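Trainee: One structure coming up, written as structure tokens, with questions to follow.
Just so it is clear, none of the values below were taken in a lab; they were calculated from the coordinates. Please read all numbers here as calculations on a predicted model, not as lab measurements. Glycine gets a Cβ as well: all are built from the backbone with ideal geometry, and neighbour counts include every protein chain shown.
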Amino acid sequence: MSTNPETTGMTSDEPPTAGRALPRLFKAGLIGWGLGTLIVFGLAWVVAKPGTLPLAMLWTLNHWWIAFLAGVVALIAAGVMGKLPLGRGLAAFVLPMLLLVAVAALCLAVYPNRGLREDLMTFLPVVLFFYAVAYLWMSMKRVRESGQQFVQAVFPPLVGGIAVLAGVAVPVFASNEFRYRDTFSLRVIDTRVENGQLVCDGTLAIHQPDAFNFRAPRYVWEDEDATTEDGKIVWGKGGEPKGNAGEYPFQVSWTKGVPAGGVKEIGLYEDMLCLEVRLNGDDKVIYSLCQPLVGE
């Protein structure tokens, strides 16, 4: 039998098992990941007690890393039991996920937003699909050279995972929420019932100048129907913001949903001061600031 590297597809310095080790290890890792996902799903009902199937599935997705570690353990076990070289197989399985987690961590370092973190945690498990694609590629296009197999194993999950993360992160980084995240600071000083109105004193700090205008809608329940009232804003010393940075004191008052017994009786969902930010000449809300109403 020929041992020419050109006919076998193996380099002369590779052990005889190198050509079959990586696909077998990768398959074991995938099976372990899949079984680990089922185990985590079962644990969801015991640990989180979600009560509904969608919540159990969400908990499972948010704890995908446990299932992935189960896949790593299964891969190592398969290598030890089969006396297969673990190096490239383990690296091919772990490397794409490590790089994707690093990218996700970088996104959160730039914008430590809870919604972004939850979306990244929810969508990262989708990479399992691209791991399966990598295994199918190795199975359909068989090569004996472990370097080529390594590329087949790493390329689909890495590229597919980057696409998934981009689909989550790019819209967030292109949003007004990200753009204006450090532009405003809202502080509530006092809230009281005065002359039949609910009155709130506060300050608004604008850190980046632009032509903004503000509204203060409050959502209240009247006769079992939700209604919205735009509060009357009276600006204090310095007047209304006109495109300049600075700190602007204000007072806002509402006439609907005023609690007869004082601010301590403000209902749930009615107990927030919200300022909607718009650009002058545009009715589209570009940012919203909310703080709890504070009573004496």
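Trainee: What is the ratio of the Cα radius of gyration of the stretch 31-162 to 2.2 N^0.38 Å, with N the residue count, to two decimals? List each step's numbers first, then the result.
Mentor: Working: Rg = 16.1 Å, N = 132, 2.2 N^0.38 = 14.1 Å.
Normalised by 2.2 N^0.38 Å, the Cα Rg of the stretch 31-162 equals 1.15.
Trainee: Dividing the Cα radius of gyration by the Kirkwood radius, what Rg/Rh value follows for the stretch 107-223? Kindly include the intermediate steps, with their values, before the conclusion.
Mentor: On the way: Rg = 24.9 Å, Rh = 19.3 Å.
Result for the stretch 107-223 is an Rg/Rh of 1.29.
Trainee: Here's a follow-up. Give me the net charge for the shell around VAL277: Cβ to Cβ below 13 angstrom, other residues only, Lys and Arg +1, Asp and Glu -1. Intermediate values should be presented prior to the final figure.
Mentor: Numbers: positive: ARG179, ARG181, ARG215, ARG278, LYS284; negative: GLU177, ASP210, GLU276, ASP282, ASP283.
Once positives and negatives cancel, what remains is 0.
Trainee: Can you give the helix-only mean residue ellipticity at 222 nm for the chain, where every DSSP H stretch with n ≥ 4 adds -39500 (n - 2.57) and the sum goes over all residues, rounded to the nearest 500 deg cm²/dmol?
Mentor: Numbers: 9 runs with 142 residues, N = 296.
Taken over the chain, the calculation gives -16000 deg cm²/dmol.
Trainee: Still on this structure, please answer the following. Which FRET efficiency value, to the nearest 0.05, do you get for LEU279 and MET81 by plugging their Cβ-Cβ distance into 1/(1 + (r/R0)^6) with R0 = 51 Å?
Mentor: After rounding, the FRET efficiency stands at 0.20.
Trainee: Would you work out if the stretch 161-262 is rounded, prolate or oblate? Take a ≥ b ≥ c from the square roots of the eigenvalues of the alpha-carbon gyration tensor; rounded if a/c is under 1.5, else prolate when a/b is larger than b/c, oblate otherwise. Display every interim value, and only then the final one.
Mentor: Working: a/c = 3.11, a/b = 1.48, b/c = 2.10.
Oblate.
Trainee: Then there is this: How big is the stretch 225-296 in terms of Cα radius of gyration and Dmax, in angstroms?
Mentor: Reported Rg and Dmax, both Å: 14.2, 40.
Trainee: What is the spin-label model distance, in nm, from TRP235 to PHE155 if the labels are put 7 Å beyond Cα along the C-beta direction?
Mentor: 5.9
Trainee: Let me know the Kirkwood hydrodynamic radius for the stretch 238-280, please, with Cα pairs as the basis and the value in Å to one decimal. Intermediate values should be presented prior to the final figure.
Mentor: Numbers: mean 1/r = 0.0748 Å⁻¹.
Here the Kirkwood hydrodynamic radius works out to 13.4 Å.
Trainee: Here is a follow-up. In what sequence do GLU194, GLU229 fall when counting other Cβ within 10 Å, fewest first?
Mentor: Details: GLU194 10, GLU229 16.
With the sparsest Cβ surroundings first, the list reads GLU194, GLU229.
Trainee: In degrees, nearest 10, range 0 to 90: what is the angle between the Cα axis of helix 114-123 and the longest Cα principal axis of the chain?
Mentor: That helix lies at roughly 30 degrees to the long axis.
Trainee: Also, I was wondering about something else. Could you list ILE266, ILE286 so that the one with the fewest beta carbons within 10 Å of its beta carbon is first and the one with the most is last? Present the calculation step by step, with values, prior to reporting the outcome.
Mentor: Values: ILE266 21, ILE286 17.
So the residues, fewest neighbours to most, are ILE286, ILE266.
Trainee: Leaving out same-chain residues fewer than 8 places away, which lysines sit with a Cα under 25 Å from that of LYS256?
Mentor: LYS232, LYS264, LYS284
Trainee: List LEU22, LEU55, LEU275 from most exposed to least, where exposure is judged by having the fewest other Cβ atoms within 10 Å. Could the numbers behind the result be given before it?
Mentor: Values: LEU22 28, LEU55 14, LEU275 22.
By the 10 Å Cβ count, ascending, the order reads LEU55, LEU275, LEU22.
Trainee: Mind ranking 121-127, 239-245 by how tightly packed they are, going by the mean number of other C-beta atoms within 10 angstrom, highest first? Working shown, then result.
Mentor: Values: 121-127: 18.6, 239-245: 12.3.
Descending mean neighbour count gives 121-127, 239-245.
Trainee: Moving on. How long are the three semi-axes of the equivalent ellipsoid for the chain, computed from the Cα gyration tensor as the root of 5 times each eigenvalue, in whole Å, largest first?
Mentor: On the way: eigenvalues 694, 102, 34 Å².
After scaling each eigenvalue by five and taking roots: 59, 23, 13 Å.
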